[in-house]
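Remarks on the structure that follows.
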Amino acid sequence: MTNTTHRNQFLSLRSRRIAEATREFLARGKSVIRCEDCQLAAYACICQWRPTLETRSEFILLMHRDEVLKPTNTGRLIADVLPARTHVFCWSRTEPDKALVKLLSDPQRRCLIVFPEEANDAAANSRELVSELPIDERINTFVLLDGTWKQSGRMFHLSRWLDAFSCVVLPETDGRGYAVRKSHQDNYLSTAEAAALCLQMANELTASEVLLDYFQLFNLHYLATRACVPPEKGELHERLAQLMGK
């Protein structure tokens, strides 16, 4: 679990989106000098505490185009922690990326849609719901729809090329830890939290806990960025530093 020279598919996609953009994306706090990787204020950068793990499970991060450029996005935290196990694509309603189609059609994978808010709707459409993962040689590959809650709902309903895949029913959790964005539904999870629950389902408990720690660190440092103050360091920082051998 060491932090090597950092590059992952999210950062590559973000670079392409910036190059393609016809106008500048202006997030809140646009005057803040930010770290190029974590997009937090330079004084609140989390890169030195970023762990790198290997897991059996893999993730496909299917992102709304707007979400790629938002510094509040938590899907990128999955790519940070699991760079070799996270595949990242922009969502298209009718023309999914060829590399994405190849991943989804790989017979060695069990691809599952992660969108728990739509579980009842999925059942109404006769989509299989999976609450326990079979034990076999197939790679559990979790497809995360990453956008605002409204955008994710549209992506789920409009992606006819995902209709053949089952939906994951995530384990129950005590509550959200996402302090950066708010929603009107208490059961809505951030993308990083959903991924951690997927790892829990797959019995990869250490990876699940580390991802949640990194997510909580992100929350703490993002709130410090908003408040324009350096974050206070504590047990969470020490735990991640220990994990990285620092």
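The values are calculated or read from the model by the stated rules, or taken from the named source; none is laboratory data. Please read all numbers here as calculations on a predicted model, not as lab measurements. Using ideal geometry, Cβ is built from the backbone for each residue, glycine included, and neighbour counts are taken over all protein chains shown.
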Out of everything in the stretch 100-125 that is at pLDDT 70 or above and not hydrophobic (A, V, I, L, M, F, W, C), what residue ends up being nearest to Phe89 (Cα to Cα)?
Lys102
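Being assigned to a helix (DSSP H, G or I) and surrounded by fewer than 22 Cβ atoms within 10 Å (Cβ to Cβ) is the filter here, so list the residues in the stretch 222-246 that pass it. Working first, answer last.
The initial filter retains those residues of the stretch 222-246 that are assigned to a helix (DSSP H, G or I), namely 222-227, 235-243.
Matches in the stretch 222-246: Leu223, Ala224, Arg226, Ala227, Glu235, Leu236, His237, Glu238, Arg239, Ala241, Gln242, Leu243.
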Among the numbered criteria (1) within 14 Å of the chain's Cα centre (by Cα); (2) among the polar types (S, T, N, Q); (3) more than 29 Å from Ala19 (Cβ to Cβ), which single criterion is violated by Gln108?
(1)
Of (1) of a type in the set (A, V, I, L, M, F, W, C); (2) in contact with a helix residue (DSSP H, G or I) (Cβ under 7 Å, 6 or more places away or on another chain); (3) buried (at least 20 other Cβ atoms within 10 Å of the Cβ), Leu82 satisfies every one except (2)
Pairs, please: C-beta under 7 Å, at least 6 apart or cross-chain, first residue within 14 Å of Asp37 (Cα to Cα) and in the stretch 1-27, second modelled with pLDDT under 90 and not in a helix (DSSP H, G or I)?
Asn3/Met244
Restricting the stretch 88-105 to residues that are in contact (Cβ under 8 Å) with a residue 24 or more places away in the chain and touching a strand residue (DSSP E or B) at 6+ places or on another chain (Cβ under 8 Å), the residue that is nearest to Ile78 (Cα to Cα):
Val88
